[in-house]
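Note sheet for the following structure.
The values are calculated or read from the model by the stated rules, or taken from the named source; none is laboratory data. Here the structure is a predicted model, which is why all the values come from computation and not from measurement. Note that each Cβ is placed from the backbone with ideal geometry, even for glycine, and that neighbours are counted across all protein chains shown. When the accessible area is computed, the model is the full protein with side chains, heavy atoms only, and any ligands, DNA or RNA have been set aside. Shrake-Rupley method; radii C 1.70, N 1.55, O 1.52, S 1.80 Å.
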Amino acid sequence: MTTSNHHFESVLIERDGTQLHAVRREGSGPPVIVVPGAMADSHDFIAAVRAMNYAGPVLILDRRGRRQSSAQGAGYNLHTEVSDLRAWIDHIEQPVHLVGWSLGGTITLETAAQDTRAESVVAYDPVLPPFAENVVSTVAEADLDERVVIINRDISGLEPELVEAMKEQSDWSHLRELARPLAAELVALNDFTPNTEWENVAAALIVGERSHAVEPYGPAFDRVSERIPRAPITVLPGQGHLAHIEDPTLLGTTIGDLLTEAVSI
């Protein structure tokens with residue numbers, strides 16, 4: 001597969017009165033949809049997608065509450081996200097391969113369990129509940145600044161002084177915006193029960209070496225892998241839960257290799 005230098009362009013669709021936004025890079029081959037998790041949007045995954053060395057068209061979603069996508073809305077749950085992803089598959093009008101990170105990985109796996117048009121899934125650090133239940137109510141009551149602090153200090157386990165230093169960095173305002181949908185996402189995840197067809201999904205799993213077996217992401221990942229026992233697991237050396245930011249080249253090339261294998265089967 002050859003590297004594409006095509007630019008990413010905005011795409012908008014509507015589902016039941018809700019606007020959904022993504023960015024798309026054209027290409028030749030089976031289409032891929034990338035689904036970011038919490039605290040990320042489409043632009044946070046462009047560098048990793050460029051490193052995938054994948055020639056086919058790629059769509060990176062902005063899930064609800066991000067950029068030009070509508071707010072989560074009444075009755076929001078994980079099945080809302082699955083229905084949104086299936087609407088994107090409707091838009092593409094052909095079978096797809098899915099890539100997801102964290103909560104996005106959970107969404108891609110559930111979608112593939114329900115929809116045979118999703119031919120394969122590559123999921124990096126997907127999560128299943130219970131997840132960070134001790135801070136769900138705190139996040140719901142917190143302002144945007146405190147939500148960013150909670151997810152980095154209390155969920156991801158960063159040292160408090162590191163989190164304080166983050167407030168002086170230029171991307172803090174971006175993180176604040178990404179924290180808007182966070183509370184509802186945590187509730188939705190902890191209310192979610194996966195489809196019994198997960199074990200039949202053609203999935204490849206990626207886990208960060210620093211996340212593996214470490215709370216909260218390691219045990220949440222293990223709950224996923226137990227439901228898909230045939231899925232091969234690739235460990236990202238030296239990485240935790242944020243390889244799309246810390247080493248997008250490593251993450252992208254790893255995903256690209258797994259996609260190449262899935263597409264060629």
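Residues in segment 227-261 that are aliphatic (A, V, I, L, M) and over 25 Å from residue 43 (Cα atoms): 228, 231, 233. Answer yes or no: is there a residue in segment 32-43 that is without any contact (Cβ under 8 Å) to a residue 40 or more places away in the chain, crowded, with 20+ Cβ neighbours inside 10 Å, within 17 Å of residue 251 (Cβ to Cβ) and under 14 Å from the mean Cα position of the chain (by Cα). Within segment 32-43, one or more residues are without any contact (Cβ under 8 Å) to a residue 40 or more places away in the chain, crowded, with 20+ Cβ neighbours inside 10 Å, within 17 Å of residue 251 (Cβ to Cβ) and under 14 Å from the mean Cα position of the chain (by Cα).
Looking only at segment 72-114, residues that are out of contact with any Asp or Glu (no Cβ under 9 Å at 6 or more places or on another chain), of a type in the set (Val, Ile, Thr) and within 22 Å of residue 222 (Cα to Cα) come to 2 in all.
Can you tell me how many residues in segment 126-183 are within 24 Å of residue 69 (Cα to Cα) and out of contact with any Asp or Glu (no Cβ under 7 Å at 6 or more places or on another chain)?
Of the residues in that region, 26 qualify.
All conditions but one from (1) within 16 Å of residue 105 (Cα to Cα); (2) open to solvent by 20 Å² or more (accessible area, probe 1.4 Å); (3) out of contact with any helix residue (DSSP H, G or I) (no Cβ under 8 Å at 6 or more places or on another chain) apply to residue 227; the one that does not is (3). The set of residues from segment 57-78 being touching a residue at least 12 places away in the same chain (Cβ under 8 Å) and farther than 16 Å from residue 22 by Cα comprises 73, 76, 77, 78. Give me the residue from segment 123-147 that is without any contact (Cβ under 8 Å) to a residue 60 or more places away in the chain and β-branched (Val, Ile, Thr) and, out of that set, most open to solvent (accessible area, probe 1.4 Å). Among them, the one singled out is 138. Of all residues in segment 85-102, those that are open to solvent by less than 10 Å² (accessible area, probe 1.4 Å) and either assigned to a helix (DSSP H, G or I) or acidic (Asp, Glu) (or both) total 3. Per this entry, residue 188 is counted among residues that are under 16 Å from the mean Cα position of the chain (by Cα), farther than 26 Å from residue 235 by Cβ and of a type in the set (A, V, I, L, M). Are any residues in segment 103-123 among the hydrophobic types (A, V, I, L, M, F, W, C), within 25 Å of residue 236 (Cα to Cα) and assigned to a helix (DSSP H, G or I), and if so, which ones? Answer for segment 103-123, where residues must be among the hydrophobic types (A, V, I, L, M, F, W, C), within 25 Å of residue 236 (Cα to Cα) and assigned to a helix (DSSP H, G or I): 103, 107, 109, 112. Of the conditions (1) touching a residue at least 40 places away in the same chain (Cβ under 8 Å); (2) of a type outside the set (Gly, Ala, Ser); (3) surrounded by 20 or more Cβ atoms within 10 Å (Cβ to Cβ), residue 180 satisfies every one except a single condition; which number is it? The number of the failed condition is (3). Only strands (runs of 3 or more DSSP E) whose full extent lies in segment 1-73 are considered here, and the ones with at least 3 residues that are closer than 22 Å to residue 127 by Cβ are 32-35, 58-62.
Being modelled with pLDDT of 95 or more, open to solvent by 70 Å² or more (accessible area, probe 1.4 Å) and of a type in the set (Ser, Thr, Tyr) is true for just one of 193, 108. Which residue is that? Reasoning before the result, please.
Numbers: 108 fails: open to solvent by 70 Å² or more (accessible area, probe 1.4 Å).
After ruling out the rest, the residue left standing is 193.
In segment 224-246, the residues that are under 22 Å from residue 112 (Cβ atoms) and polar (S, T, N, Q) reach residues that are part of a helix (DSSP H, G or I) and open to solvent by less than 40 Å² (accessible area, probe 1.4 Å) with C-beta atoms within less than 9 angstrom, at least six apart or across chains, in these pairs: 234/254; 234/258.
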